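Beneath this line is the structure, given in structure tokens, with notes to follow.
The values are calculated or read from the model by the stated rules, or taken from the named source; none is laboratory data. These numbers come from a predicted model, not from an experiment. So basically every Cβ, Gly included, is an ideal-geometry build from the backbone, and we count neighbours across all protein chains shown. Note: areas computed on protein heavy atoms with side chains; ligands, DNA, RNA excluded. Shrake-Rupley method; radii C 1.70, N 1.55, O 1.52, S 1.80 Å.
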Amino acid sequence: MLAEKLSTPIYYLMLSIMILNLFQRKHMATGEKKRFATLWLAGTLLILQIEIGLLAANKQPDWMLIPAFALYAVILFLLRKKIFVFRRTCASCGAPLASREFIGRDDNLCATCAPTPEGEEKPEEEKKEKPQPITIAAPEIDEENRHTLGKGTPREEIPRDTDGIDWEAWEFAEKAVLCYLFRGDEVLLIHKKTGLGRGLVNAPGGRIEAAEMPIDAAIREMQEETGITPKELKEVASLHFIFTDGYSLKGTVFFAYNHEGEARATDEADPFWTPVGEIPFDKMWEDDALWLPKVLEGKRVTGYFIFEDEAMVSQKIIES
């Protein structure tokens, strides 16, 4: 019967996935989420294997395979966010990913776009003398008043020039995302009601939660702040902020070109559509007027900024 014939290939498929999981161990620092994804997938195949084994042992008719595979499909759907984290192309530039990047990088970045791993030497031509990193303990998080975090940390300990900080070695207090959603020649922005930047105009966004991918955080934050689900997201910028009061933030910026739902006001934000040519930079963070126009021109940027409260002290933007 068909169940007996299917049992063997499913077993070998499950075994192959477990072998792949062993190879993923060497990439635990960058691919923990993908390693768990293969474990979840192997687990679902084990359930399917048991179902088919029971059908074969009880000599059930072939049509009983339909509900067995239907149940398996339901399990895959429920676990889709844990299992389907792989992609064949770079999330940043769209280049095909090498095998080790495909199975070992949760951020789905190619070798060109990926940050240099800690402790790994760069090519000689990229080496240059850097100042010693300054380490300041992350301040206690206050959800409602993020712009006042870290008060009491001596301001003289924070360099007021972006060139005086080892940005690669800096341990950021938080990681966050921004997502700009486009509809024709309009972009969706928000009047922010809470948190860092309260009272300013910004794009929907917020903190990345534990074990959450940046793209998933961008979708979730826009849903929570505007009621909209963004589609076709593309990573376009990486921003780094250090405040003279000791707070620091590393942000990933996405552009989205499609969506589901209608914008609505929430407790966190009042969303509004505005023509791209009329973005109110005078009501936004100072850095937005420097890097956002470059990204709108199609450039990818990496920005480094030092702020004192809401005033920008120093900035450096690298285009690629």
* Structure fact -> From DSSP H assignment alone, runs of 4+ in the chain each adding -39500 (n - 2.57), the sum over residues rounded to the nearest 500 puts [θ] at 222 nm at -10000 deg cm²/dmol
* Most mobile of Val177, Val295, Val201 per a Gaussian network model of the chain (Cα springs, under 10 Å)? -> Val295
* Structure fact -> Rounded to whole angstrom, the alpha-carbon centroid of the stretch 179-221 lies from that of the stretch 267-318 at a distance of 13
* When percent of Cα pairs over 34 Å apart is calculated directly from the model, which label among [x] 32; [y] 36; [z] 13 fits? -> [y]
* For the stretch 218-310, what is the charge dipole size about the Cα centre, in debye to the nearest 20, if Lys and Arg each add +1 at the Cβ and Asp and Glu each add -1 at the Cβ? -> 600
* Structure fact -> Computed for the chain: size of charge dipole around the Cα centre, +1 on C-beta of each Lys and Arg, -1 on C-beta of each Asp and Glu, debye to nearest 20, value 1620
* Asked: Excluding Thr38 itself, what net charge comes from residues whose Cβ is under 13 Å from its Cβ, given Lys and Arg +1 and Asp and Glu -1?
  -> +3
* Can you tell which of Phe36, Ser248, Ala211 lies farthest toward the positive end of the dipole of the chain, using +1 and -1 charges on the Cβ of basic and acidic side chains (Lys, Arg; Asp, Glu)? -> Phe36
* To do: Quick one: dipole size for the stretch 170-271, taken about the Cα centre, charges +1 on Lys/Arg Cβ and -1 on Asp/Glu Cβ, in debye to the nearest 20.
  => 180
* By Kyte-Doolittle mean hydropathy of at least 0.0 and Cα axial length of at least 15 Å, which whole DSSP H helices of the chain are selected? -> 2-23, 28-57, 65-78
* **Per residue, in Å², the accessible surface of the chain once ligands and nucleic acids are set aside, probe 1.4 Å** => 55
* Structure fact -> 1/(1 + (r/R0)^6) with r = Cβ-Cβ of Glu157 and Arg264, R0 = 51 Å, i.e. FRET efficiency to nearest 0.05, evaluates to 0.75
* To do: Using a Förster distance of 30 angstrom, determine the FRET efficiency expected from the C-beta separation of Leu79 and Glu168, and round it to 0.05.
  => 0.25
* Asked: Out of Lys192, Lys175, Lys26, any idea which swings most in a Gaussian network model of the chain, alpha carbons joined below 10 Å?
  -> Lys26
